[in-house]
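Comments concern the structure below.
The values are calculated or read from the model by the stated rules, or taken from the named source; none is laboratory data. This is a predicted model, so every value here is computed, not measured. With ideal geometry, Cβ positions are generated from the backbone for all residues, glycine too; neighbour counts draw on all protein chains shown.
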Amino acid sequence: MNMQERLEHASRAAAQLLSVGIEVKNAALMRIAQKLEESREEIARANQRDLAQAQASGLPAPLLKRLVFDDKKLADVLAGIRDLLAMPDPVGRVLEARLLDDGLVLRRVSCPIGLIAMIFESRPDALVQMASLAVKSGNAIVLKGGSEARASNFALASIIARAGEEAGLPQYWLTLLESREEIGELLMYDQYVDLVVPRGSKEFVARIKATSRIPVLGHADGVCHVYVHEDADPAMAAAIAIDSKTQYPASCNAAEVLLVNFKFGGLTPLLKFLAQAGVVLDVCPRTARMISPDIPFNLKSDDDWSVEYLDLRMAVKIVDSLDEAIAHINRYGSGHTDTIVCASPLAARTFMQGVDSASVYHNASTRFADGYRYGLGAEVGIATGKLHARGPVGLQGLLTYKWLLEGQGHIVADYASGAKRFLHKDLPLDESPHAQ
């Protein structure tokens with residue numbers, strides 16, 4: 001089949017999924033989990049082929065790490081599926097209800113977006129997460145992974161697609177694309193595809209956004225900050241900075257910049273702990289003058305604070321105030337995740353209100369910015385825009401809504417003439433009948 005025919009089939013599957021109930025969707029998730037467990041060795045062999053080829057071709061270390069799909073990654077995606085199974089059906093929820101007049105009831109009800117395309121690099125586990133979320137949210141899905149994960153993605157997509165169909169999902173609910181050329185072709189078919197979700201490097205996501213005729217949900221980069229306020233507990237500051245940077249440095253929610261208030265008394269021990277953890281420090285001239293000479297560092301003389309290392313490397317800057325820290329983050333950050341370490345409730349509140357990012361924390365590692373850790377079951381990615389969905393995108397980010405109006409022969413002419421008047425009375429959601 002050519003691209004148009006494949007997307008026509010997928011679009012019809014999306015229409016069929018509108019009437020698929022929670023029992024079938026949950027049965028599909030259980031079947032998918034079962035088949036993934038049973039196919040553990042097949043998946044491992046495919047992933048080993050990808051890893052061997054990637055190492056031979058010199059794939060960069062951060063991408064190579066993301067390519068791994070081992071027993072731990074399998075356990076993680078299975079845990080995500082179990083979490084999704086425990087969640088109620090997100091489709092058909094009454095979000096708003098209003099009595100417009102006697103016998104005339106308006107409801108705003110959650111529903112699937114339709115056909116979603118996910119384009120991603122390196123991460124086979126992202127395929128499983130996205131497919132699982134598509135099942136629970138009632139969306140059909142088109143998946144295109146990077147060529148470096150070709151064997152892994154083919155194995156996973158084949159297993160998941162068959163398992164879903166065996167449990168009652170429509171044929172073509174999952175479509176896998178395999179060639180790079182298909183991406184450009186896919187992005188032209190906005191009459192079939194309702195949303196594109198790209199996951200990958202800054203350049204990759206920016207390229208998709210620039211060429212897509214379809215709405216795009218994603219983030220261009222992850223320039224995350226840890227700000228250590230003047231009254232921060234030194235031990236807490238060190239623990240949060242180290243976890244934010246080193247727990248998984250290749251992740252988009254790993255901290256790339258450390259901002260430290262000049263009044264904070266533990267600068268030297270803090271940077272020493274980071275250096276001992278293997279972090280290369282790129283420090284501003286002011287920082288270099290304030291720390292002891294036994295701490296290794298590179299002098300950062302340029303003014304580029306929007307760097308995304310994705311490695312054990314961190315930029316360090318001294319700031320004069322909380323306001324300067326907030327201004328710096330809003331100027332150079334990517335709107336992803338930023339945290340303050342402080343004791344003052346006022347400073348925390350000011351920071352959390354003033355920083356314009358999808359996730360803003362107080363006394364917590366930036367690495368918490370994750371759909372599974374947020375209790376979303378899994379995530380399709382991080383959205384740093386401000387429309388539709390923001391931050392880790394789970395089930396709710398794959399839903400839209402429609403307005404349902406039930407009347408008894410009501411016509412607008414009666415209200416336009418003044419014969420009738422609107423009541424516009426909000427109804428408690430539990431008094432509004434559940435939409436089917």
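So here's what we get for this one:
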| quantity | calculated |
| --- | --- |
| Residues that are buried (at least 17 other Cβ atoms within 10 Å of the Cβ), of a type in the set (S, T, N, Q) and either at pLDDT below 95 or more than 15 Å from Asp338 (Cα to Cα) (or both), drawn from the stretch 230-252 | Thr246, Ser251 |
| Residue among Leu281, Leu274 that alone is in contact with a Phe, Trp or Tyr (Cβ under 6 Å, 6 or more places away or on another chain), crowded, with 19+ Cβ neighbours inside 10 Å and not aromatic (Phe, Trp, Tyr) | Leu281 |
| Complete set of residues in the stretch 80-102 that are among the small types (Gly, Ala, Ser) and surrounded by 14 or more Cβ atoms within 10 Å (Cβ to Cβ) | Gly80, Gly92, Ala97 |
| All positions within the stretch 174-206 that are within 19 Å of the chain's Cα centre (by Cα) and at pLDDT 90 or above | Asp194, Leu195, Val196, Val197 |
| Hits in the stretch 113-124 - residues which are more than 26 Å from Lys65 (Cβ to Cβ) and buried (at least 24 other Cβ atoms within 10 Å of the Cβ) | Leu115, Ile116 |
| Single condition Asp302 does not satisfy, out of (1) surrounded by fewer than 22 Cβ atoms within 10 Å (Cβ to Cβ); (2) not in a loop (DSSP other than H, G, I, E, B) | (2) |
| Ile159 vs. criteria in the same structural domain as Gln129 (by TED's automatic domain parsing), within 19 Å of Ala10 (Cβ to Cβ), aliphatic (A, V, I, L, M) and more than 20 Å from the chain's Cα centre (by Cα) | yes |
| Which listed residue is without any contact (Cβ under 8 Å) to a residue 24 or more places away in the chain, farther than 24 Å from Glu165 by Cα and surrounded by 18 or more Cβ atoms within 10 Å (Cβ to Cβ), from Leu67, Leu51 | Leu51 |
| Qualifying residue in the stretch 141-150 (condition: outside any loop (DSSP other than H, G, I, E, B), surrounded by fewer than 24 Cβ atoms within 10 Å (Cβ to Cβ), among the hydroxyl-bearing types (Ser, Thr, Tyr) and modelled with pLDDT of 95 or more) | no |
| Which listed residue is without any contact (Cβ under 8 Å) to a residue 24 or more places away in the chain and farther than 21 Å from Arg66 by Cα, from Glu181, Glu185 | Glu181 |
| Single unsatisfied condition, Arg180 versus (1) over 23 Å from Ala61 (Cβ atoms); (2) surrounded by fewer than 18 Cβ atoms within 10 Å (Cβ to Cβ); (3) not hydroxyl-bearing (Ser, Thr, Tyr) | (1) |
| Single match in Glu42, Glu8, Glu37, Glu23 (criterion: surrounded by fewer than 18 Cβ atoms within 10 Å (Cβ to Cβ), in the same structural domain as Lys136 (by TED's automatic domain parsing) and either within 15 Å of Val193 (Cα to Cα) or touching a Phe, Trp or Tyr at 6+ places or on another chain (Cβ under 9 Å) (or both)) | Glu8 |
| Top-ranked residue in the stretch 397-426 [being more than 18 Å from Leu115 (Cβ to Cβ) and touching a helix residue (DSSP H, G or I) at 6+ places or on another chain (Cβ under 9 Å); ranked as surrounded by the most Cβ atoms within 10 Å (Cβ to Cβ)] | Lys420 |
| Lone qualifier among Ser19, Ser11 - being without any contact (Cβ under 8 Å) to a residue 24 or more places away in the chain, of a type in the set (Ser, Thr, Tyr) and either under 28 Å from Asp89 (Cα atoms) or in contact with a Pro (Cβ under 6 Å, 6 or more places away or on another chain) (or both) | Ser19 |
